[in-house]
1. Could you grab me the full set of residues in the range 77-123 that are among the aliphatic types (A, V, I, L, M), out of contact with any helix residue (DSSP H, G or I) (no Cβ under 6 Å at 6 or more places or on another chain) and part of a helix (DSSP H, G or I)?
2. Please pick out the residue among ASP157, ASP85 that is open to solvent by 70 Å² or more (accessible area, probe 1.4 Å) and modelled with pLDDT under 85.
3. Tell me which residues, restricted to the range 95-106, are surrounded by 17 or more Cβ atoms within 10 Å (Cβ to Cβ) and under 28 Å from the mean Cα position of the chain (by Cα).
4. Within the range 111-152, count every residue that is of a type in the set (A, V, I, L, M, F, W, C) and in contact (Cβ under 8 Å) with a residue 24 or more places away in the chain.
5. Quick check on this structure: which one of ARG148, ARG142, ARG126, ARG60 is in a helix (DSSP H, G or I), open to solvent by 90 Å² or more (accessible area, probe 1.4 Å), touching an Asp or Glu at 6+ places or on another chain (Cβ under 8 Å) and charged (D, E, K, R)?
6. Considering every residue within the range 67-75, establish whether at least one is open to solvent by 80 Å² or more (accessible area, probe 1.4 Å) and closer than 12 Å to CYS104 by Cβ.
7. Could you figure out which of (1) within 30 Å of ARG142 (Cβ to Cβ); (2) exposed (fewer than 11 other Cβ atoms within 10 Å of the Cβ); (3) modelled with pLDDT of 75 or more; (4) not aromatic (Phe, Trp, Tyr) isn't true of ILE15?
Amino acid sequence: MGRISRLKTITKSRIEAFIASLETPEIILPRMMREMEEKVKETARAEAKALSAVKGDRRRLDAGMGKIVRFKEGAVLAVKANEMDTARQAIAAQIQAEKEVEKCRNDLVISESAYNSARQVSEQLRQNLKELKLKKNDILARSREIRREQSLNEKLDSL
């Protein structure tokens, strides 16, 4: 029976020590800061990817607008040359290009929205990390002071 009681006490003290270590800012704070730094890196990658998508959508939109202008000019030249079949084909191609441009505009709106969201999240995480770094020493100092007080109280209680 004594062994079980002793084992129970040891297990309980190990669990308490584990919980105390989890509550120790000296251990948790650096880990939290590393995790936040990783999140900042992830959001920076997401932001770069979103910016790349925005630039690609803008290029496709510009190319589509250029097609519309060329087809319109081609239709006008075909009418002047009295080539109605060619003019019809140019107008049909212009209508198709206008549909593609509209899709490109929608894609651009979506990609710009994603970029803005990624930028805001990235900025917020950077700000949070910066604030945490500024508060780190204060948090650690307060934690040490609390542990000193607890230690003194335990010593006084044992006397």
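The values are calculated or read from the model by the stated rules, or taken from the named source; none is laboratory data. Given the structure is predicted, the values throughout are model-derived calculations rather than measurements. Please note: Cβ atoms are built from the backbone with ideal geometry, for glycine as well, and neighbour counts cover all protein chains shown. We work out accessible area using only protein heavy atoms, side chains counted, and drop any ligands, DNA or RNA first. Shrake-Rupley method; radii C 1.70, N 1.55, O 1.52, S 1.80 Å.
1. Going residue by residue through the range 77-123, those that are among the aliphatic types (A, V, I, L, M) are 77-79, 81, 84, 87, 90-93, 95, 97, 101, 108-110, 114, 118, 121.
The next check asks that each one be out of contact with any helix residue (DSSP H, G or I) (no Cβ under 6 Å at 6 or more places or on another chain); those that pass are 77, 81, 84, 92, 95, 109-110.
LEU77, MET84, ALA92, ILE95, VAL109, ILE110, listed by residue number.
2. Numbers: ASP85 fails: modelled with pLDDT under 85.
Checking each option against the conditions leaves just ASP157.
3. Across the range 95-106, the qualifying residue is only CYS104.
4. Just the residues of the range 111-152 that are of a type in the set (A, V, I, L, M, F, W, C), to begin with: 114, 118, 121, 125, 129, 132, 134, 139-141, 146, 152.
Filter once more, keeping what is in contact (Cβ under 8 Å) with a residue 24 or more places away in the chain: 114, 118, 121, 125, 129, 132, 139-140.
Residues that pass the stated criteria total 8.
5. Working: ARG148 fails: touching an Asp or Glu at 6+ places or on another chain (Cβ under 8 Å); ARG142 fails: touching an Asp or Glu at 6+ places or on another chain (Cβ under 8 Å); ARG126 fails: touching an Asp or Glu at 6+ places or on another chain (Cβ under 8 Å).
Result of the check over ARG148, ARG142, ARG126, ARG60: ARG60.
6. The initial filter retains those residues of the range 67-75 that are open to solvent by 80 Å² or more (accessible area, probe 1.4 Å), namely 67, 70, 72-73.
After this cut, where a residue has to be closer than 12 Å to CYS104 by Cβ as well, the list is 67.
Checking the range 67-75: at least one residue is open to solvent by 80 Å² or more (accessible area, probe 1.4 Å) and closer than 12 Å to CYS104 by Cβ.
7. Exception for ILE15: condition (3).
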